[in-house]
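What follows is a single structure, written as structure tokens, with notes after it.
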Amino acid sequence: MIDKLEMFIALARAGHFGRAAEACGVTQPSLSAAIKQLEEQLGVQLVFRGARYQGLTPEGQRVLDRAQGIVAEVRVLRDEMRSVRKGLAGKLRIGVIPTALPMVAQVTTPLIRRHPAVSVTILSRTSAEILTGIERLELDAGITYLDNEPLGRVLSLPLYAEFYRLICAPGTAMADRAQVRWADLAGLPLCLLTGDMQNRRIVNQHLAEAGVRTAPGIESNSTIALLAHVVTGQWVSVLPKALADLFAQSGAVRAVPIVEPEAEHLVGLIAARRDPPTPLIEALLEAARRMAEDQV
């Protein structure tokens, strides 16, 4: 039954029998047969079928909601029994907002050093995608903003406070400034993250409070793309301190502190709220607590 529920969740996630089968490591006929058997066991039709997958029936949506909780609990049990037999082992999938990527190694490196049989997949995601991924069991945890959008029913652990820097090329108008105000960004040729990124919404808020109209000539969901434009000397950007300092180490750009007021936003680790947490999540939380203590 559990294997069939996992295949059903994969089908709902992929929206395609072939892709779901590939994700589960089975053939498409095997997955189709498993879904049919699940329908027979539950006595309801779960999937609208035609020449291809056409979505979940109302009953299928209800089963999906329950199936996600059941599968999550079974995974907890499996992790606990595996740790009893062999010590801590397994895979963690962590979604990270792009602006926090420079900091994630401070959590994952000590975690794997302490538990060598654990492996981690780090995926760059928006804050909304992280919450959805945890809810749908696609992610085990996330590193995201804690103080700007509703997080729902997740456990959270603050890691560090995010501050902001103006990124510009050496020799440009602002490059030699010791600091700038948000109001000083008026009229500058901005390139910023796209509007689906929470960092962009934060930057928009601070610029608006300073009376600066936000009209970037370049937008991207990639910080590398922003950096590539800044180094031309034709653009400037706004990025969090950790990311800005990482780029500035190369000497290709300057990172100028933005003050008056100095904006501060909390970034932390989130995971599904379970009591107790799985052994893998508890180990991740332990590594995150140590990182947070080092930031104080």
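Consider Lys36 carefully, then state whether it is of a type in the set (D, E, K, R), at pLDDT 85 or above and closer than 30 Å to Ala287 by Cβ. No; evaluated as a whole, the condition is false for this residue.
Of all the listed residues (Ser237, Ser222), the sole one being surrounded by 15 or more Cβ atoms within 10 Å (Cβ to Cβ), modelled with pLDDT of 90 or more and of a type in the set (Ser, Thr, Tyr) is Ser237. Considering segment 31-56, the residues that are without any contact (Cβ under 8 Å) to a residue 24 or more places away in the chain and in contact with a helix residue (DSSP H, G or I) (Cβ under 7 Å, 6 or more places away or on another chain) include one that is surrounded by the most Cβ atoms within 10 Å (Cβ to Cβ), namely Ser32. Within segment 118-139, residues that are under 19 Å from Glu282 (Cα atoms) and touching a residue at least 24 places away in the same chain (Cβ under 8 Å) reach partners that are assigned to a helix (DSSP H, G or I) and basic (Lys, Arg) with beta carbons closer than 9 Å, at six or more positions or on different chains, in the pairs Leu137/Arg13; Leu137/Arg75; Glu138/Arg13.
Listed by first and then second residue, the pairs with beta-carbon distance under 9 Å, at least 6 apart or on different chains, first residue in segment 273-291 and in contact (Cβ under 8 Å) with a residue 60 or more places away in the chain, second aliphatic (A, V, I, L, M) and assigned to a loop (DSSP other than H, G, I, E, B), are Pro279/Leu88; Leu280/Leu88; Leu280/Ala89; Ala283/Leu88. Residues that are free of Cβ contacts under 8 Å to residues at least 40 places away in the same chain, surrounded by 17 or more Cβ atoms within 10 Å (Cβ to Cβ) and of a type in the set (A, V, I, L, M, F, W, C) do not occur anywhere in segment 142-164. When segment 277-290 is filtered for residues that are farther than 15 Å from Pro116 by Cα and modelled with pLDDT under 90, the ones remaining, listed by number, are Pro277, Thr278.
The residues in segment 177-197 that are free of Cβ contacts under 8 Å to residues at least 40 places away in the same chain and closer than 25 Å to Ala252 by Cα can be counted, and the count is 4.
Search segment 21-77 for residues being among the polar types (S, T, N, Q) and not in a helix (DSSP H, G or I), and hand back the single one that is nearest to Arg273 (Cα to Cα).
Thr57
The residue that is modelled with the highest pLDDT, counting only those in segment 258-276 that are among the acidic types (Asp, Glu) and closer than 30 Å to Ser237 by Cα, is Glu264. What residue, among those in segment 257-280 that are among the β-branched types (Val, Ile, Thr) and crowded, with 21+ Cβ neighbours inside 10 Å, is farthest from Leu131 (Cα to Cα)? Per the stated criteria, the residue is Ile258.
Among (1) under 22 Å from Trp182 (Cβ atoms); (2) without any contact (Cβ under 8 Å) to a residue 60 or more places away in the chain; (3) out of contact with any Ser or Thr (no Cβ under 7 Å at 6 or more places or on another chain), there is one condition Ala263 misses while meeting the rest; what is its number? Evaluating Ala263 over (1) under 22 Å from Trp182 (Cβ atoms); (2) without any contact (Cβ under 8 Å) to a residue 60 or more places away in the chain; (3) out of contact with any Ser or Thr (no Cβ under 7 Å at 6 or more places or on another chain) leaves (2) as the failure. In segment 167-175, the condition of being under 20 Å from Ser250 (Cα atoms), without any contact (Cβ under 8 Å) to a residue 40 or more places away in the chain and either charged (D, E, K, R) or out of contact with any Lys or Arg (no Cβ under 6 Å at 6 or more places or on another chain) (or both) is met by at least one residue. Leu137 meets the conditions (1) in a loop (DSSP other than H, G, I, E, B); (2) surrounded by fewer than 18 Cβ atoms within 10 Å (Cβ to Cβ) in every case but one. The failed one is (2).
Being within 30 Å of Glu135 (Cα to Cα), buried (at least 22 other Cβ atoms within 10 Å of the Cβ), not acidic (Asp, Glu) and not assigned by TED's automatic domain parsing to the domain that holds Ser156 is a description that applies to Asn199.
The values are calculated or read from the model by the stated rules, or taken from the named source; none is laboratory data. What you see is a predicted model; the values in this text were computed from it and never measured. Cβ: placed from backbone, ideal geometry, glycine included. Neighbour counts: every protein chain shown.
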